[in-house]
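Working notes for the structure below.
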Amino acid sequence: MLESAGSPLSSSYATGNRFQAILTDILAELGLEAPDGRPLHVYRVTEEQYDQMQLYCMTAEPQSSGLYAAIFTLWATEHFRSSYDGSHLTWRFLTDALEKNIEWSQLVETTTWGLRYWQRPLRKSDHKRLFLQSLLVEGGLPQEMLKPEGRYRSQILRLVGEAELRGIMAAEALPGLVRSVTSRWPEGFRQDDVSDLIVGFVLGLVNARQQIPPQIPRESSVVWLDGQRPNWRNELSINIGIDAAKSLLDEALKAERRVNRHNDFALRVLRKREDGDWSSFIEFPEKASVDRGIIPLSDPSIQAIRLRPTGPLSAALPGLLIRGDLSEDGSTWELRRTSGKRTVSVAWPVGESVRFGVLADGKVTQEISISGLEETSFDRPLAGIWVGRNKSDDMPDKLDYLADGRAATTASRLFVQSESDAEIACFDGMKIVDRTKFQNHSLVCVTGQGRIQCRTQSLSLKTSSDEELGAQIRALGKVALGVRTIGGDVVYKGWPRFFGSEAGSYGADISERNLRTVRPGGSWAPFSTSKELGGSTIGWELNGDVVARQRIWMLPHDFLVSFLEKGREKSVRLTGLPVGAQVSCGDSTGIVSESRCVELSLANLPEQASKTELDICAGDNRLRLVLDVWTKSGAIIGPDDCKLINRRTIARSKLNDWRLFNPDEVGGTLSARLRGAAGTSWPPVSFKVDREASLGAYSSFIKSALSLGGPDAEMDICILAHGRETPKLMIAQATSKLRVGTDSLSWEGCDLIQIKWQSLSDPEIRFEQNIGPSLRESLVPDHLDMSAGPWMILATAQGHEVMRPAILPVFSTEPAETKNAFSLDLQSAANATTRQQRVARISECLRHRVTIPTDPDWKRIELLIDSVSKVAEPAWIDQVQSLALTPDAATLILLRSEVDSQADRLALEEEAPFSWMTLPFGAWKRAAASCYADIQKILENSGLPTGTCNKIASDTVMSRCENIVSLRPELSAHLFFALLEIFSPVELVERGLAPPAQPLRALEEQAELAVKRRLFDRCNLLPNAPVGNWSVLERFDRESRSMLAAPIVAAELVLKERQDWSNVALALLQCRQIDPLYFEAALPAAIAVLFQRKTSND
């Protein structure tokens, strides 16, 4: 493959001039007097040397040998490295840069002699000499290709993650992985030495990450290495020079050590239990990238979306929220989970689908569904393929779902989900290693390359492969509203489109010629769209092999459900069904008429029923469905799928268990009223409601409002539709409470499962106490260490009851002296008699600490919040409530937190009566300065030079602020002006933290967009009026001005132009809930306008 050019002709380079000196200097930098055969990308050419070499090649007469050939060859490799973007490879790429025409024969001879001087080989392919490709490869990876928008950057980063997952096996596995990646690159990069180059680069990055101490902020990895390991870049096999390539290093070193294999936002996972069985979960990675077609929108102009769970998932994982932004090229949705760590995963049956509502322009535009794995059956005894999370572990305790059918993995083993005890045959080098239990299935562990077969089903598998491939198929289509299968799957109206994935992302639609359907008995048949009702198993065929399959359910494309009410009589009309089909709904049956319509009575349904079974049979095709039952009066529906028919109280942590139905999409609203202790109340507020919505969609407003009202506040809600009002649902912090005696606890109205005892003196001291059924009292444990108190008592109840935590005070004057105990003043404050006293005294303690960022009590408070949050809401923690009285402490805790904890910290505004968007500017400014000083001091104590400490501290604070803005864009102006004492305006603008350059104009534009959306119609807006003069609002009507003024009022609070936060808080929360996009864009502009006015007045 490679052609050696012989020995160097050193005598040809005797000409002495300043250009000869450039070569001498480049060689001397590596301690050389002459080339020794190392690749040219190893020579660290400076920008000045590059410019001088280019000048020489532009002005000197081209020569086939001598100094010109040596300099031309090195310059050409550097030019490829710094400027080549992966486009078509021609000599003009070089000659255009030199602004001269050079004959092809001259270029070939010059390159041949130049490579010979540097003792580098000329590459060949199929006996063809590759002159240009040789120069290209000698330069290493072109850095234009490593830019954020470069097409190979993500592949390099993915290789870094794969290498870390393999641990000590990385060096063995990487060459094969790299070859599979570069096989799709331009021909010049499909060389063994290029693969070796990338392998070395990836291993170098992994090694660099392992050298970084854990106390160094992840955002400051590169700066720390530059300060402590100054030669670490030179040890990499690829020369990293320009900013674009440095940003690749930053991203690779800062990235979380986890690969989202399928580029999906919902990952199915199995975790091994202590008893050897497996439990199934769904994980939601912090970031994911999915093809645009996976989340299709009717309006192609939409650039930003939010995904919020619906159905059972919304109840199982309260607070989950995923934000999506369209990529620059419009091909993918870049998704980010903006909710905290508590929404990372949830136990979830593998056979159940998960559903998400897609919110765009402030309203739900559609619903998408990710189907569960098809249950095993006689025709399908093999259900899915799993692979170990840690590829180097032969007995992993965590498995990721890989494929529906054909699969290959770099790991040594695959796990096939099969019918329990099914007989499996292996062919062509595949063998069974082990079989373990998985609920009512088996997990069959296999290794090798070949096929496994059970009955009529066959799978092609390969372990220890060079690449990771898992075939999956996904259906996307129009979903029939108001019906689900008995198992909870969506039902499509007409045939959906099918997308296939083998290498991690879903591509274009699968053509019909590559689709198959299952015949009775399990064999495959050509795909046909003649069927219009029932279930079908669809297969994806590639090269004669069905590599993936999915079960779908469908109704005719024009199927519709409508409900009729005549007095007390209720019925349902189904249209679009096949003529003659037999339909039963509850105890009512009918035959579809010639008009393809059937009407069935609902007279015998109980008043509270929200669902009933619907059975449709047309010839051999049958569908058993669950039908949502709606009426003109609307409904609030509980976790038992029953309508609320009497007043009821629930805890705010159970919001996601409840759903809202609004039959009047033109005029129906959700009405809410906040009531505090001692009979205080706020004016009612209202919101537009989609036809069906989770009450959890309003959780941010409800939780924040309840925090505003105090621990005993309640909020009553109802649906108003067609002039009718549903019974009220009362929402409170808790529905039951513990009573604490001198030596016992008691409770009523529910069965407790467990009590958790959390020390409020030392956040790391806690223990659990299991409670027997039907008990109503428990003794305080004998082993309870009273000196570690006071103790917070957190009780977990069966069913839907939520217990209010209790505090067991300490009656001893002896302070806790354990390793992680709070300081004496905080211990004393936490032991005050009433909650109001405790919060006030803790706030005073925190106020004294905001100027001492290294005080260990800050870390202890964070540990206490995280510990309690695992079993209860942080609202019960006195230290959280104290943040409302000490804004400096709130902002400091937020900026102190690592990037992966900031979503949880931002959620604290729902737990205490404060809002990040209205905290005063001074609190942000002081917190940024304190956080900077804190990091600086930690680094100085580690022995780093002062300059390096300053750089790392600046980089860390900047990265954390960037992450906050990505989670909460409305805070960009808060942070921009707060950081001006640490960073220059140019730096902040470059990092995307700056408010609009023309803020008044931007505010006006956002107001116009909000008025066009009219999301505030029928919302009974609470009055909002700024204290200053804002002519931008004058041309809008009165109702619009109440909405449009909200960000301006918030900005006035930030700049302390008004002090009445408690009087306007509910109105601000309402407006942010109604149109969050307006708030995100308008608040930074309003703050910038006020800063401009303040500066001009000063």
Whichever lysines have a C-alpha closer than 18 Å to that of residue 566, once near sequence neighbours (fewer than 8 apart) are set aside: 632
Paramagnetic label zone (point 7 Å from Cα along Cα-to-C-beta, residue 511; backbone N under 15 Å) in region 534-564: 541-544
Anisotropy class of region 681-776 from Cα gyration tensor, a/c 1.5 cut: prolate
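With a cap of 16 neighbouring Cβ atoms within 10 Å, and only residues DSSP puts in a loop, list the GluC sites (Glu not before Pro) found in region 900-1007. Before the final figure, lay out each step's value.
Values: sites: 909, 910, 911, 940, 962, 970, 981, 987, 990, 1004, 1005; in loops: 911, 981.
Here the sparse-neighbourhood loop sites are 981.
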Using a Förster distance of 45 Å, the FRET efficiency for residue 940-residue 524 (Cβ separation, nearest 0.05): 0.05
Overall form of region 29-126 per C-alpha gyration tensor (a/c, 1.5; a/b vs b/c): rounded
Inter-probe distance in nm under a simple model that places probes 7 Å from Cα toward Cβ, at residue 36 and residue 648: 8.0 nm
Value of relative contact order over the chain, rounded to a whole percent, pairs C-alpha under 8 Å and six or more apart: 6 percent
Cut-off of 10 Å, at most 13 other beta carbons, DSSP loop: longest stretch of the chain lacking such chymotrypsin sites (Phe, Trp or Tyr not before Pro): 379-810
For residue 410, residues with placed amide H under 5 Å, excluding near neighbours: 465
Karplus-derived HN-Hα couplings along region 137-143 (A = 6.51, B = -1.76, C = 1.60, θ = phi - 60°), whole Hz, x at Gly and Pro: 5, 4, x, x, 6, x, 6
Gain on full stretching of the segment that runs from residue 624 to residue 1005 - 0.36 nm per residue minus C-alpha separation: 132.1 nm
Virtual spin-label span in nm between residue 837 and residue 1029, 7 Å along Cα→Cβ: 5.2 nm
Sum of -39500 (n - 2.57) over DSSP H runs of 4+, divided by residues of the chain (222 nm, nearest 500): -9500 deg cm²/dmol
Candidate lysines - alpha carbon under 17 Å from residue 925, same-chain residues fewer than 8 apart omitted: 1056, 1094
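Can you tell me how much longer the chain between residue 632 and residue 1060 gets when fully stretched, taken as 0.36 nm per residue apart minus their C-alpha distance, in nm with one decimal? Show your work: numbers first, answer last.
Details: separation 428, 0.36 × 428 = 154.08 nm, distance 4.13 nm.
So the chain would gain 149.9 nm between residue 632 and residue 1060.
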HN-Hα J in Hz across region 575-590 - Karplus 6.51, -1.76, 1.60, θ = phi - 60°, x for Gly and Pro: 10, x, 8, x, 4, x, 5, 8, 10, 10, 9, x, 9, 10, 10, x
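Once the piece of chain linking residue 231 and residue 966 is laid out straight, how much longer is it, given 0.36 nm per residue of separation minus the C-alpha distance between them? Numbers along the way, then the final one.
Working: separation 735, 0.36 × 735 = 264.60 nm, distance 3.35 nm.
Once the chain is fully extended between residue 231 and residue 966, it gains 261.3 nm.
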Amide H partners (placed H, <5 Å) of residue 753, local residues excluded: 796, 797, 798
C-alpha long axis of helix 104-117 to longest principal axis of the chain, angle in °: 90 degrees
Residue 820 paired with residue 898, simple spin-label distance in nm, labels 7 Å along Cα-to-beta-carbon: 1.4 nm
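Each reported figure results from applying straightforward, stated rules to the coordinates on display, with no laboratory input. The shown structure was predicted, so the numbers you read here are calculated from the model rather than taken from an experiment. Every residue, glycine as well, gets a Cβ built from its backbone with ideal geometry; the counts of neighbours run over all protein chains shown.
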